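Novice: Here it is, the structure, as structure tokens.
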Amino acid sequence: MADVDFTPPHAGPSYISEIIRTALRAAALAPTANDALDVTGVALARLADLAKAEVGHE
């Protein structure tokens, strides 16, 4: 499976949306179902990291 970069070129209000769009695109183009699941798992982990970081900043 190819590595997918979930970091958009610039952080901003659409950061989460960009992670989701990138993951959906990569999953749709993945050669196997397992690769698609791997991509979505990485994206979900990234979103969880963002949520944890946000809680830490409150």
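Novice: Report yes if Arg21 is free of Cβ contacts under 8 Å to residues at least 40 places away in the same chain, basic (Lys, Arg) and open to solvent by 60 Å² or more (accessible area, probe 1.4 Å), otherwise no.
Specialist: Values: free of Cβ contacts under 8 Å to residues at least 40 places away in the same chain: yes; basic (Lys, Arg): yes; open to solvent by 60 Å² or more (accessible area, probe 1.4 Å): yes.
Judged against the criteria, Arg21 is a match.
Novice: Here is a further query. What are the pairs with Cβ atoms under 8 angstrom where one residue, in the range 42-58, is over 15 Å from Arg21 (Cβ atoms) and open to solvent by 80 Å² or more (accessible area, probe 1.4 Å) and the other, located anywhere, is modelled with pLDDT of 80 or more and among the hydrophobic types (A, V, I, L, M, F, W, C)? Sequence gap at least six, or different chains.
Specialist: Cβ pairs passing all conditions: none.
Novice: Could we say that Leu50 is assigned to a helix (DSSP H, G or I) and modelled with pLDDT under 90 here? Can you show your working first?
Specialist: Details: assigned to a helix (DSSP H, G or I): yes; modelled with pLDDT under 90: yes.
Against the criterion (assigned to a helix (DSSP H, G or I) and modelled with pLDDT under 90), Leu50 qualifies.
The values are calculated or read from the model by the stated rules, or taken from the named source; none is laboratory data. Since the structure is predicted, the reported quantities are computational estimates derived from the model, not experimental observations. Here the Cβ is made from the backbone with ideal geometry for all residues, glycine too, and neighbour counts use every protein chain on show. For the accessible areas, the whole protein counts, side chains as well, though only heavy atoms, and no ligand, DNA or RNA atoms are used. Shrake-Rupley method; radii C 1.70, N 1.55, O 1.52, S 1.80 Å.
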